[in-house]
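This report refers to the structure that appears directly beneath it.
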Amino acid sequence: MTTTFVLFSLFNFFIIYGSLFYIMNLHVTIKRFILCMLVNALVSVLAYIFPQSIWISIAVSITLSTGLIYLFSKQHMVYFHLLTIYISSILVEYAVLFLVSIFHLSLVVHGSLIVLLLTIIMLGYKKFLTHYNWNQVNLAIRSQMVLFLIATITIIVFYKLIFVTAQKGDIQISITNLIILSSYFIIMITLTRILLFTMMKEQSINAKLIEQQLFNQYMQSLEQVNRDMQNFRHDHANILLSLRGYIENDDIIGLKKYFEEKIVKVEQQTLFKNQLFSQLDRLQIIEIKGLISTKLLLADELSIPISVEVPKMIKDISIDRLHLSRILGVFLDNAIEASASLDAPQINLAFLSMTNEIIIVIENKLLNSEISIQQLFTERYSTKGEHRGFGLSSVRNVLSGYPNITWNSRIENQWFIHEIIIRERITVEGDHM
């Protein structure tokens, strides 16, 4: 009895956590394996102590597993994925149980059928999530709460109609309930698919509107730089004539002073902005160019020096452009805000094209180098007061959904540095959820 129970516990462990790690693209580490094993052991002990109240172990398993996997992934839909796995497991387990009771199959065949059917379902579910780019669907809090409520009610109904009925020995009723709930599950998947399709269409339209807005911002920035250059060219002749008097009088000292104070200081900013925008020409992603050009002009208005480096032509980056706009917007806004109070501010931005990857580096000078990086990326934490601190936590949530992205933030010698490494995605299966 004890050996069978232990084997069943291990079987359940690999089904639940194996499915979760696969669906959510999580890497298996020794630490994660041990923590998951401890949670599974606790759930197994509860199931052994309360065999007639299996709902206790299920509730504890869902609660602890959701919290644990959220710590690993920082993905808000862990609960939804976990309930989907549980519901699928319940349907498969009892469907196979009825087949075993009818055809008197062995325990090995019983387990093999469960693994086979669950594998097929999880492969289909992962493909479903990948097809709809689940992490690109930005669900509002209300929508998440509705999904949470529906999923919770569903698991309770499944428990009542299958577990309780089966424990009472009403096999015929339990089979009927299983058929009804299987149909209900399929309908729910279909409705979810329709909902996701509608939301993706709506978000696509919104993304196009944002793209157009960023394009307009870029064009306005170019027009501003163009006007500055035209004024510079228009004044070019007058500038040369103003130098003539110093040259005729051989007043080299006066000429140098006049050139440094009246010409360089006035015109160097125009030339510098023109140089920055020439760098942006190598970044052929209009949405990102629009965002960066807007931030360049904002920094210029605040007299914050900012440099942009794009050594090689970049035509595409393996991340959703709207997501990249949000990430760069947060980092640049924070950099500008932090630099506004410094005596000698400086912001550097670089897009480095390497073999099969793009490296984006954003850095700004800091006044306080003892800031906790971990706290900064915690939701609602901010050094700027209450009702702030949503930016960096949202960056963390977005980037955590891309398995092809590695990123880190650090403080070195009074510089706050963000480094994002974006690798090319070779196949569709390699895309993030």
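The values are calculated or read from the model by the stated rules, or taken from the named source; none is laboratory data. Keep in mind it's a predicted model, so treat the numbers as computed, not measured. Glycine gets a Cβ as well: all are built from the backbone with ideal geometry, and neighbour counts include every protein chain shown. Ligands, DNA and RNA are excluded from the accessible area calculation, which covers all protein heavy atoms including side chains. Shrake-Rupley method; radii C 1.70, N 1.55, O 1.52, S 1.80 Å.
Under the rule a/c < 1.5 gives rounded, and otherwise a/b versus b/c splits prolate from oblate, where does the range 43-98 land using the Cα gyration tensor? Since a/c reaches 1.5 but b/c is at least a/b, the shape of the range 43-98 is classed as oblate.
At 0.36 nm per residue, minus the direct Cα-Cα distance, what do ILE56 and ILE186 gain on full extension? Give it in nm, one decimal, please. Before the final figure, lay out the partial values.
Numbers: separation 130, 0.36 × 130 = 46.80 nm, distance 2.68 nm.
Going from the current span to full extension adds 44.1 nm.
A simple spin-label model places pseudo-atoms 7 Å from Cα toward Cβ; at PHE259 and GLU412 they are separated by 3.8 nm.
Cross-link pairs exceeding 30 Å in C-alpha to C-alpha distance, out of LYS257/LYS312; LYS257/LYS289; LYS127/LYS201; LYS126/LYS289; LYS74/LYS208; LYS208/LYS315, comprise LYS257/LYS312; LYS257/LYS289; LYS126/LYS289. Annotation: amide H of GLN75 has no partner in the under-5 Å range at sequence separation 5 or more or interchain, hydrogens built in the peptide plane.
Stretching the chain fully between PHE148 and MET37 yields a gain of 37.4 nm (0.36 nm per residue, less the alpha carbon separation).
Solvent exposure of the range 293-370, expressed per residue, is 46 Å² of accessible area, with all protein chains present and a 1.4 angstrom probe.
Length gained on full extension, LEU302 to GLU202, computed as 0.36 nm times the residue gap minus the Cα-Cα distance: 32.3 nm. Quick one: with all protein chains in place, what share of the accessible area of the range 1-130 is carbon or sulfur, to the nearest percent (1.4 Å probe)? Reported share for carbon and sulfur atoms: 78 percent.
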